Amino acid sequence: VDVFQAWCGPCKPVVNLFQKIRNEVGSNLLHFAVAEADSIDALGKYRGQCEPVFLFYTGGELVAVVRGADAPLLQKTILEQL
């Protein structure tokens, strides 16, 4: 989940990374979503930050968090979690 602020929008460059990885590993294993922190109460702790936050869930549980648009770290985290 790409958690973003309304004033800066979702991290568009990372969408391409997720699409590339999704094509490589299969579309049933990886799902990507965006969520505006200002409009979802459960994401309140991510408000007021100027960097994107990526939350990784497996089976409904939070398993990893990556702060910032660090493509190599995101790719590593995705592949580790898969």
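Details
- Of the residues making up region 8-39, those that are acidic (Asp, Glu) and more than 18 Å from LYS76 (Cβ to Cβ) are GLU36, ASP38.
- Hey, GLN19 open to solvent by 70 Å² or more (accessible area, probe 1.4 Å) and under 13 Å from the mean Cα position of the chain (by Cα) or not: yes
- Criterion: closer than 15 Å to LEU82 by Cβ, in a loop (DSSP other than H, G, I, E, B) and within 9 Å of the chain's Cα centre (by Cα) - qualifying residue of PHE54, PHE32: PHE32
- All positions within region 58-82 that are in contact with a helix residue (DSSP H, G or I) (Cβ under 8 Å, 6 or more places away or on another chain), open to solvent by less than 80 Å² (accessible area, probe 1.4 Å) and not in a strand (DSSP E or B): ALA69, ALA71, LEU74, GLN75, ILE78
- Taking (1) modelled with pLDDT of 85 or more; (2) open to solvent by 30 Å² or more (accessible area, probe 1.4 Å) in turn, LEU55 satisfies each apart from (2).
- Scanning region 15-29 for residues that are at pLDDT below 80 and assigned to a helix (DSSP H, G or I) returns a single hit, VAL15.
The values are calculated or read from the model by the stated rules, or taken from the named source; none is laboratory data. Remember, it's a predicted structure, so these values are computed and weren't measured experimentally. Note that we place each Cβ from the backbone using ideal geometry, even for glycine, and neighbour counts take in every protein chain shown. Side chains are part of the model used for accessible areas, which takes the heavy atoms of the whole protein and leaves out ligands, DNA and RNA. Shrake-Rupley method; radii C 1.70, N 1.55, O 1.52, S 1.80 Å.
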